[in-house]
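J.: To start, I am sharing the structure in question, which I have written as structure tokens.
Only the coordinates and a few stated rules stand behind these numbers; no lab work does. The model shown is predicted, which means the values in this text are computed figures rather than measured ones. No Cβ is skipped: glycine too gets one built from the backbone with ideal geometry, and neighbour counts run over all protein chains shown.
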Amino acid sequence: MQSLRKTAALAVAGAAAVSLSAGAAVARADQRSRPANAGVTGRADFVLPYVKDSDVRSFEFDVHGAPWTKPRPYPHMERGLPTDARGTVTVRHYSASRKHTYWAVGEVDCLVTGPRTASVTALMRRVDPAMPDGQKMIGKRVGFSVYDGGKRGDRVGLSWDLMNFWDDKPGTMGENPVGTCMAPTPFAPVTRGGYSVRHAELQPFDF
């Protein structure tokens, strides 16, 4: 009788182990079937090719794709968009003449990638109180582009400074608002640090 009970216990234990193993295999397969989301991470200093100064400029990205997480009250956008994203972008600019590092933090609202490349937009939420006219930046959308060049060198782009102007009226220039995921090509070489771009194809709409 004791032998029968021992055999039955071993059988139950074996069945449980098989069940757990099968469950783990299904979980792994399910995880593999889910598309990986895009992302941009890293911090780096860069130079503007058209500016010769001793200032230090840097961007820090903590950006992650989050498709279908920002519902919009428009047809086919009720669930959001495949370009929805979350995270932050931190802008730093050390002014050599003023010996002060100005900073601003943006909340990411859009991300789109290609192999080694990405375009990101963010709404500026916090700005260094010492920044001249810094409060005017609150709520403003700005754009960034990133090239993950590996050993060939990374690059970044930005939607302000020399970019995004239009003729307002004779003798004046205006600045266009920046749309989601809009940024110029990454034209500024990175001098220290680097970025990592994780590419993912945009998920299809399921109407």
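J.: With an 8 Å Cα cut-off and a minimum separation of 6 or more residues, compute the relative contact order for region 38-198 in percent.
T.: Taking the mean separation of contacting Cα pairs over the length of region 38-198, I get 24 percent.
J.: With +1 assigned to the C-beta of every Lys and Arg and -1 to the C-beta of every Asp and Glu, and no other charges, what is the dipole magnitude of region 111-207 about the Cα centre in debye, to the nearest 20?
T.: Approximately 340 debye in magnitude.
J.: Can you find, among Pro204, Ser97, Gly153, the residue sitting farthest towards the positive end of the charge dipole of region 60-207, where Lys and Arg contribute +1 and Asp and Glu -1 at Cβ?
T.: Going by the Cα projections, it comes out as Ser97.
J.: Along the charge dipole of region 116-207, Cβ charges K/R +1 and D/E -1, which of Ala122, Pro177, Phe165 sits furthest on the positive end?
T.: Ala122
J.: With charges set only on the Cβ (+1 for Lys and Arg, -1 for Asp and Glu), what does the dipole of region 37-98 come to about its Cα centre, in debye to the nearest 20?
T.: I would put it at about 100 debye.
J.: What fraction, in whole percent, of alpha-carbon pairs in region 119-201 exceed 20 Å separation?
T.: That tail contains 47 percent of the Cα-Cα pairs.
J.: Oh, and also: How are the C-alpha pair distances of region 34-144 spread across 10 Å bins, as whole percents from the shortest bin up?
T.: Pair shares across the bins are 14, 37, 32, 13, 4, 0.
J.: Taking the Cα centre of region 38-198 as origin, work out the dipole magnitude from +1 charges on Lys and Arg Cβ and -1 charges on Asp and Glu Cβ, in debye rounded to 20.
T.: 340
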